[in-house]
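Heads up: the structure comes next, in C-alpha cells.
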Amino acid sequence: MADDNAIAPAEAPRAPTAQEDLLNAVLGSIPEGVVTESQIARGTEVEIRVQRAAIHAVLQLLRDEARFAFEQCMDICGVDWPGRPERFDVVYNLLSLAHNHRIRVITTTDAVAAVPTVSDLWPSATWFEREAWDMYGIVFSGQSDLRRILTDYGFEGHPLRKDFPLTGYVEVRYDPERQAVVYEPVKLQQDFRNFDFLSPWEGMTTLPGDEKVHLNRITRE
C-alpha cells in the first residue's frame with residue numbers, strides 16, 4: 001500500500017545553458033551599474049543594455065577578454081522609438097569565432113548626444129556607423145569619416161526615422177534620355193502599394209524556358 005505522506009524525490013537542478021553561462025560571465029566581468037538590463041532573448045540570444053558612456057569600454061572588454069573573444073563586429077544598426085527621450089537604440093551584434101557564440105549589446109542616444117566610435121576596435125565599424133548616421137542621424141564621437149553613405153548628394157533628413165515624411169523631398173538620379181544627372185521630387189507610385197500574396201509557384205502558369213513546350217502542345221491539339 002502506497003504511503004500518501006511519502007515525500008517525492010527532489011528534481012535535479014537544471015544545468016545552465018551555454019547562453020546563460022555566457023551571460024553570467026559577461027555580467028560578472030562588467031562593473032556594477034554599467035549594464036541596465038540583460039536577458040536571453042527568444043531563448044537563445046544573449047543581450048545586454050549598457051550605459052552610453054561605457055559602451056566603448058564594454059565592447060573592448062568583450063573583444064579582448066579571452067573568455068569572450070568577440071573578434072568580429074558583424075553589424076551596428078539603429079532602432080527608432082520616437083516616443084522616448086533617447087529615441088534611438090544603437091545595436092552592436094558581435095561574433096566569436098573562437099568560442100562560436102554571439103552577443104547583442106545595446107545602448108541608447110538621442111539626436112544630439114554622441115555615441116563613442118568603435119572603429120578603433122573594429123575598422124569595419126566605420127561603414128556601419130556611417131550608415132547609422134545617414135539613416136537615423138546618430139552621431140558617433142571620434143569617427144573621422146562620418147559622411148553619408150547610402151543617400152544621394154545633398155540629401156536632407158534621415159530616411160529611417162519614423163517621423164520622416166514620405167513626400168516633399170528631392171531625389172537625384174541619372175536620366176539616360178537626357179544623358180544627365182537630374183533632380184526631381186520624390187514620387188511614390190500607387191501601383192507599388194498593390195501586393196499579390198499568391199505563392200509564385202501558384203501564380204505562374206509558365207516557367208521561364210517552358211514556352212516551346214506549351215507552343216508544341218497547342219500545335220498538336
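I'd like to check something: does region 69-81 contain any residue that is small (G, A, S), surrounded by 14 or more Cβ atoms within 10 Å (Cβ to Cβ) and closer than 23 Å to E131 by Cα? Looking for residues that are small (G, A, S), surrounded by 14 or more Cβ atoms within 10 Å (Cβ to Cβ) and closer than 23 Å to E131 by Cα, one finds at least one in region 69-81, hence yes. Close contacts from region 71-97, counting a first residue that is in contact (Cβ under 8 Å) with a residue 60 or more places away in the chain and a second that is among the charged types (D, E, K, R) and open to solvent by 70 Å² or more (accessible area, probe 1.4 Å), with Cβ to Cβ under 6 Å and a gap of 6+ residues or different chains, come to D80/K162; P82/K162; P82/D163.
Please go through region 138-152 and pick out each residue that is touching a Leu at 6+ places or on another chain (Cβ under 9 Å) and either more than 20 Å from L94 (Cα to Cα) or loosely packed, with under 13 Cβ neighbours inside 10 Å (or both). Within region 138-152, just V139 meets the criteria. Across region 1-30, the number of residues qualifying as at pLDDT 95 or above and exposed (fewer than 12 other Cβ atoms within 10 Å of the Cβ) comes to 1.
This table checks each residue for (1) over 23 Å from P31 (Cβ atoms); (2) within 17 Å of the chain's Cα centre (by Cα); (3) at pLDDT 95 or above.
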| site | (1), (2), (3) |
| --- | --- |
| G43 | yes, no, no |
| R49 | no, yes, yes |
| Q60 | no, no, yes |
| D64 | no, no, yes |
| A69 | no, no, yes |
| E86 | no, no, yes |
| S96 | no, no, yes |
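A Cβ distance below 8 Å, combined with a sequence gap of six or more or placement on separate chains, defines the contacts here; from region 158-181, residues that are under 20 Å from E131 (Cβ atoms) reach residues that are open to solvent by 90 Å² or more (accessible area, probe 1.4 Å) and assigned to a loop (DSSP other than H, G, I, E, B) in the pairs Y169/E156; V172/Y153. If you scan region 126-176, which residues turn out to be within 24 Å of P82 (Cβ to Cβ) and of a type in the set (K, R)? Listed by number, the residues that qualify are R130, R148, R161, K162.
When residues in region 151-206 are screened for being small (G, A, S) and either modelled with pLDDT under 70 or not in a loop (DSSP other than H, G, I, E, B) (or both), 3 of them pass. Here F155 passes the criteria (1) over 20 Å from the mean Cα position of the chain (by Cα); (2) open to solvent by 70 Å² or more (accessible area, probe 1.4 Å) except the one numbered (2). In region 115-131, which residue that is of a type in the set (D, E) and outside any loop (DSSP other than H, G, I, E, B) is nearest to I55 (Cα to Cα)? For region 115-131, the residue satisfying everything is E129. The set of residues from region 24-45 being part of a helix (DSSP H, G or I) and either over 22 Å from H56 (Cβ atoms) or aliphatic (A, V, I, L, M) (or both) comprises N24, A25, V26, L27.
The values are calculated or read from the model by the stated rules, or taken from the named source; none is laboratory data. Worth saying up front: this structure is predicted, and the values here are computed from it rather than measured. We place every Cβ from the backbone using ideal geometry, glycine too, and count neighbours over all the protein chains shown. Surface accessibility is based on the protein's heavy atoms, side chains included, excluding ligands, DNA and RNA. Shrake-Rupley method; radii C 1.70, N 1.55, O 1.52, S 1.80 Å.
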